[in-house]
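Note sheet for the following structure.
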Amino acid sequence: NCSNGLRNLRPGYRATWERILLLFLAHYLISAYLLAASGKSGIPRLITSPTVGAPAFVRPGDTFAVSLDVSGAGVLREISLHSIADEDDIMFLNAETKLDKGRDLREFTVPESASAGLYDLHVSVTVNGEVRADCEPHAVAVVESFDVPFTFAQVTDYHVGDPRVLKRIPGIDVADVRRQAAEAVNRLKPAFVLITGDICAYAETYERDYPVAVEEIRSLFTVPTLLVPGNHDLYAKTDGEGNLWAEGLDFWKETFGATHCTVDYGPFRFIGLNTYSWPQGVRNHNRDYHKSVGTRHTYQGTLSREEFDWLKEQLRTLDGRKPILFAHHGPREFEADPGEFGSDSCVSRDEFKALLKEAAVPLYIYGHIHYTEDYTEDGTRFVAVSTSGSYNVEENPWSMRVFGAREDLTIETVVVPYLREAPLLK
């Protein structure tokens, strides 16, 4: 995996990679200190896709695309896949190719002998004479087939660092709740799991909580994870004068990559949305500042016009596939009139619902509300499930959703409780 994969490289590269790792760690520590002072986290990403939140699904012998973001023209030195299940299972792909400055998209072929499973993606490049290395955990899933039937799962509202659950359930071991959610998903062995937002909690602790969240997801889940952000992941925070102190959008992009994703899996297209794509001013979580200047904050959903246009493009290019949408907010949790928040560029609830009806979206999966919901409106079935890391509403047990994609292209779903009583800290 990404924490120990470098030591598994073939002997001829060991000494070089140990030096790279030392330089990389030194650069990381210096950059983390400097960026923390400016309210940002981590260091620039080299691998921009695939990611732990939007992995590539590929069959043995087929190709998948890798997007790299380099500061200048360079050379891709090595690219490899490291099995999360077997540290001796490492596949070195063809590399030694020149890279263009900026985003560079290249395709690579998975060997026909590859075993089905989940892999970490390792990359090293030389740019302007400097060697850079990066690893993206759980970024590539090698699958035997995309045929139906298959199963997938949903957990939601992970809420790393959320203090509210401790106030409502004193003594709860909320990390154990999250662990049991992951174990329940792993026992099912689905094709993938959707994690529909609110991975973290509040801007005040993003610097601590984002690294914890990605490490938990990497270490606990043994199946591919598709992530989209929720409102708690994308809060901005200013001081009393409106100076930006923390920007959740930066933390998300630096930790998980893109805020939306598309995965074509067999006869279906899974489209993950950012339903908290408000301007920064609305996402500002400093309510006292809003009161002082007469603006408004909301934790409810919307789509920016850019996000809305991106969704329409994904629906326009289905090529016969059935669209399945997943997001943090359901349409009922969208603001009816974004203009009330000074955001005329955002999409209203009615406009969003009209697109779902026009596109005949059969299924929409979401979280946010902390309880189980299942209803059908204008031909679309809307389903939610209770939280996996915070407090549940209306005595809903901690649960996941399990979906079965059938040969007739219908999808059935059931709620599967995995925990009914709160585990307590020992």
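Assorted remarks:
- All positions within segment 52-80 that are under 18 Å from Ser113 (Cβ atoms) and either among the charged types (D, E, K, R) or free of Cβ contacts under 8 Å to residues at least 40 places away in the same chain (or both): Arg59, Asp62
- Any hit, segment 162-169, residues being under 18 Å from the mean Cα position of the chain (by Cα), of a type in the set (A, V, I, L, M, F, W, C) and assigned to a loop (DSSP other than H, G, I, E, B): no
- The single condition from (1) within 23 Å of Ala213 (Cα to Cα); (2) within 25 Å of the chain's Cα centre (by Cα); (3) open to solvent by 30 Å² or more (accessible area, probe 1.4 Å) that Lys426 fails is (2).
- Test result for Thr380, more than 21 Å from the chain's Cα centre (by Cα), under 15 Å from Val155 (Cβ atoms) and among the β-branched types (Val, Ile, Thr): no
- Annotation: of all residues in segment 340-354 being out of contact with any Lys or Arg (no Cβ under 9 Å at 6 or more places or on another chain) and modelled with pLDDT of 95 or more, the one that is surrounded by the fewest Cβ atoms within 10 Å (Cβ to Cβ) is Asp350.
- Of all residues in segment 220-253, those being among the hydroxyl-bearing types (Ser, Thr, Tyr), out of contact with any His (no Cβ under 6 Å at 6 or more places or on another chain) and without any contact (Cβ under 8 Å) to a residue 60 or more places away in the chain number 1.
- Any hit, segment 309-328, residues being of a type in the set (S, T, N, Q), more than 15 Å from Thr275 (Cα to Cα), free of Cβ contacts under 8 Å to residues at least 40 places away in the same chain and assigned to a loop (DSSP other than H, G, I, E, B): yes
- Among all positions in segment 384-398, there is no residue which is modelled with pLDDT of 95 or more and open to solvent by 60 Å² or more (accessible area, probe 1.4 Å).
- The set of residues in segment 316-327 being closer than 23 Å to Thr156 by Cβ and aliphatic (A, V, I, L, M) consists of Ile324, Leu325, Ala327.
- Of all positions in segment 119-141, none carries a residue that is open to solvent by 20 Å² or more (accessible area, probe 1.4 Å) and under 24 Å from Pro267 (Cβ atoms).
- Meets criteria (touching a residue at least 24 places away in the same chain (Cβ under 8 Å), under 19 Å from Pro331 (Cα atoms) and small (Gly, Ala, Ser)) for Ala384: yes
- Residue match in segment 190-203 (condition: in a helix (DSSP H, G or I) and open to solvent by 30 Å² or more (accessible area, probe 1.4 Å)): no
- Filtered by the rule that a residue be part of a loop (DSSP other than H, G, I, E, B) and either at pLDDT below 95 or over 16 Å from the mean Cα position of the chain (by Cα) (or both), segment 145-157 gives Ser145, Phe146, Asp147, Val148, Pro149.
Per-residue answers, yes or no, for (1) at pLDDT 95 or above; (2) under 30 Å from Phe270 (Cα atoms); (3) in contact with a Cys (Cβ under 8 Å, 6 or more places away or on another chain); (4) surrounded by 13 or more Cβ atoms within 10 Å (Cβ to Cβ):
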{"residue": "Leu9", "(1), (2), (3), (4)": "no, no, no, yes"}
{"residue": "Ala15", "(1), (2), (3), (4)": "no, no, no, no"}
{"residue": "Leu22", "(1), (2), (3), (4)": "no, no, no, no"}
{"residue": "Ala32", "(1), (2), (3), (4)": "no, no, no, yes"}
{"residue": "Val58", "(1), (2), (3), (4)": "yes, yes, no, yes"}
{"residue": "Phe64", "(1), (2), (3), (4)": "yes, yes, no, yes"}
{"residue": "Gly74", "(1), (2), (3), (4)": "no, no, no, yes"}
{"residue": "Ile84", "(1), (2), (3), (4)": "yes, yes, no, yes"}
{"residue": "Glu87", "(1), (2), (3), (4)": "no, no, no, yes"}
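- Of all residues in segment 270-304, exactly one satisfies the criterion of being of a type in the set (Ser, Thr, Tyr), touching a Cys at 6+ places or on another chain (Cβ under 9 Å) and surrounded by fewer than 21 Cβ atoms within 10 Å (Cβ to Cβ), namely Ser304.
- Of all residues making up segment 243-269, the number that are open to solvent by less than 50 Å² (accessible area, probe 1.4 Å), farther than 22 Å from Pro55 by Cβ and of a type in the set (A, V, I, L, M, F, W, C): 1
- Tally of residues being open to solvent by 50 Å² or more (accessible area, probe 1.4 Å) and not in a loop (DSSP other than H, G, I, E, B) across segment 399-415: 3
- Test set (1) of a type in the set (A, V, I, L, M); (2) assigned to a strand (DSSP E or B); (3) open to solvent by 50 Å² or more (accessible area, probe 1.4 Å) - Ala336 fails condition number: (2)
- Cβ-Cβ distances below 6 Å connect the following pairs, each with a first residue in segment 399-425 that is under 15 Å from Asp374 (Cβ atoms) and free of Cβ contacts under 8 Å to residues at least 60 places away in the same chain, a second residue that is outside any strand (DSSP E or B) and of a type in the set (Ser, Thr, Tyr), and a separation of six or more residues or different chains: Ser399/Ser386; Val415/Thr372.
The values are calculated or read from the model by the stated rules, or taken from the named source; none is laboratory data. Here the structure is a predicted model, which means the values were calculated and not measured. Neighbour counts run over all protein chains shown; Cβ positions are idealised from the backbone, glycine included. Calculation scope for accessible area: heavy atoms of the full protein, side chains included, ligands and nucleic acids excluded. Shrake-Rupley method; radii C 1.70, N 1.55, O 1.52, S 1.80 Å.
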